[in-house]
Amino acid sequence: MTAFHRGMKETGYIEGQNVAIEYRSAEGQSDRLPLLVADLVRRQVALIVGNTPSAVAAKAATTTVPVVFVTGSDPVRDGLVTSLNRPGGNVTGVSFISVELGAKQLAFLRELRPRAARIAVLIDPNWPVTERFVSGVRDAALAVGQQIEVLHVSTGREIETTFTTLGQRGAGALQVGVGAFMNSERERIVALAARHGIPAIYTCAKPSLPAA
């Protein structure tokens, strides 16, 4: 949110002065999104900004209100846009395409730690595209004979506990999954990886899409 407000300010919009921002959160319960989006549409907001599940719900609710998304997967596959070059409709945004990079990240880790018998994969099981991310990593690992161990976390406490057992599990490196929760916990994860001395790889950004 700090970066969002900074970006708004850079383009001349300051909350409370010349723009009002309505905040909504499904608190991890995706089934609440349609009602939240419907409320925003009724309020005649000028723009809706959200992550992948929020943007999907917004696109289903309106064809007139502009929707800007931030996604860690392929927006074309998710049905958000027609193509990357010409998104079309009322939806556009930024794609990190981190789901499709899972296999490549695993390859980088193997170059970094070629003798790692086992690589841990830290994921949030509740994120909608996690299954696709894990599937890609599993296929890549199977192709090269790399053992991986998928570890589920959904709270900060679980992340702390998982790091204390990585050594016992024989993990020589760590691959961090995708999603809003993993992003929100990135500082904790980076600090724990450094503290425990385990090489880790994270997601990186791709350029934004053109305006719809």
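So here's what we get for this one:
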quantity: Counted residues, the range 124-178 - those being more than 18 Å from Leu101 (Cα to Cα) and of a type in the set (Lys, Arg); calculated: 2
quantity: Filter result (exposed (fewer than 10 other Cβ atoms within 10 Å of the Cβ) and within 24 Å of Phe181 (Cα to Cα)) within the range 1-28; calculated: Met1, Thr2, Ala3, Arg6, Tyr23, Glu27
quantity: Residues (surrounded by fewer than 17 Cβ atoms within 10 Å (Cβ to Cβ) and modelled with pLDDT of 90 or more) located in the range 50-78; calculated: Ala60, Thr63, Thr64
quantity: Sole exception among (1) over 12 Å from Leu106 (Cβ atoms); (2) in a strand (DSSP E or B) for Glu160, by number; calculated: (2)
quantity: Pairs, first on the phi < 0 side of the Ramachandran plot and surrounded by 20 or more Cβ atoms within 10 Å (Cβ to Cβ) in the range 83-106, second at pLDDT 85 or above and basic (Lys, Arg), C-beta under 6 Å, six or more apart; calculated: Val91/Lys59; Val99/Arg132
quantity: Any hit, the range 94-108, residues being under 19 Å from Val176 (Cβ atoms) and among the charged types (D, E, K, R); calculated: yes
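The values are calculated or read from the model by the stated rules, or taken from the named source; none is laboratory data. Computed from a prediction, not measured in an experiment: that's the story for all the values here. As a convention, Cβ positions derive from the backbone with ideal geometry for all residues, glycine included, and neighbour counts pool all protein chains shown.
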